[in-house]
Amino acid sequence: MTLRHIRIFLSVCDHGNNTTKAAEAMCVTQPAVSLAIRELEEYYGVLLFDRLGRRLMITAAGQQFREYAAHIARLFDQLEKGMRDWDTFGILRIGASITIGSQFLPGYTKAYYDRFPGAEIHALIGPSEQLEQKLLTNELDFALIEGIVHEPSLISQEYMEDYLSVICPPGGRFHTGQHLTIQEFRQQKFLLREKGSGTREVFDRVVESAGFSISPVWEAVSTTALVNAVINGLGISVLPSRMVAGAVAQGLVVAVEVENLSFHRNFRIVYHRDKYLTACAKAFMDLCRHYNADHPIFGYSRAACQHPCNPL
């Protein structure tokens, strides 16, 4: 058995147990893929796939082999990356969820470059669910995530506390510091982040713990779009406080409280439990834990918000 056998097996699994698609992805022939699978089965004396007509269905033994194979391939990839980048200190692949990526990661990265001028950082900013999958496939070294981590193979370490603010349109029935009852809160039209985001997960968890659920009239991956919708009186939203502080300070939206509801959360450093953390990865993580500099407030332009064609 060789690493080539393992990669072919994993490719078949990743392409819906289809040997033809796996062969195309690996630039080999379909018979070569079938031979590699057969050689694996003969070597271990087990069936990795059941043959049902022209279809392959992975067996229980195949599922277990897949877990081992993915682990071995991941470790080999880490070995390759570590040795090939040995002479280049600090090549890091970092993921960040939307709030952290827009508000904190630029500052973290600049501070890191100031400390290690020869470093190189490749960043991916996206929903928490996407980042977890990238960590599992070793496409990221670690990630900075808001919300709960779901995959048991990932280690999660809290490093900063954060909270969400309830924002409402100005000039109406709401005023700064107002306390809404849960009943008043539930009666509003909600403009929320998309499912899979850390912000939405915190919101859903808090309201479900209070015994109810919310169906939003708007969902968006853009916090800016939601703030602008609130400014224009389309409903209320629950968003990261640092992301809406500018709009609140300018009087574009009103921040209120909800009785008996607390939208607190923690930012987390997340990495795979089998991941070898290099010195540069540990240095960046340590920087995040102790980074206390002031961060710029995310700003909104009143003039821009009055022009619906302006793509803020």
Bin width 5 Å, alpha-carbon pairs only: give the P(r) of the stretch 86-136 as whole percents, running from 0 to the bin holding the largest distance.
5, 20, 26, 21, 16, 10, 2
Lys/Arg Cβ at +1, Asp/Glu Cβ at -1, dipole of the chain taken about the Cα centre: which of C280, G147, A123 is farthest positive-ward?
A123
Projected label distance in nm at L124 and S215, using a 7 Å step from Cα toward the beta-carbon:
3.4
Extending each Cα 7 Å along its Cβ direction at V46 and Q64, get the distance between those two points in nm, one decimal.
0.4
Hey, can you rank 110-119, 137-146, 189-198 by average C-beta count inside 10 Å, highest first?
137-146, 189-198, 110-119
Bounding extents of the chain in its principal axis frame from Cα atoms, largest first in Å, are 74, 51, 38
Which whole-number percentage describes the relative contact order of the chain, with Cα contacts under 8 Å and a sequence gap of 6 or more?
20
Using a Gaussian network model on the chain with a 10 Å cutoff between Cα atoms, which of V12, V270, V202 fluctuates the most?
V12
Assigned charges on the beta-carbon of Lys, Arg, Asp, Glu; the chain dipole about Cα centre (debye):
420
Bridge orientation stat for the chain from DSSP, antiparallel percent rounded to 5, came to 60
At what distance in nm do the modelled label points of E161 and S222 sit from each other, each positioned 7 Å from its Cα along Cα→Cβ?
3.4
Radius of gyration and Dmax for the stretch 151-287's Cα atoms, expressed in Å?
17.1, 54
Normalising by the residue count of the stretch 3-80, find the relative contact order in percent from Cα pairs under 8 Å and 6+ residues apart.
28
Give the calculated FRET efficiency between M57 and K21 to the nearest 0.05, with a Förster radius of 22 Å applied to their Cβ-Cβ distance.
0.90
Checking a compactness column here: for the stretch 4-104, what do you get for Rg(Cα) / (2.2 N^0.38 Å), N being the number of residues?
1.39
Kyte-Doolittle at least 0.0, axis length at least 30 Å by Cα - qualifying DSSP helices, the chain
none
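Here, each number is a calculation from the coordinates, and none is a lab measurement. The shown structure was predicted, so the numbers you read here are calculated from the model rather than taken from an experiment. Using ideal geometry, Cβ is built from the backbone for each residue, glycine included, and neighbour counts are taken over all protein chains shown.
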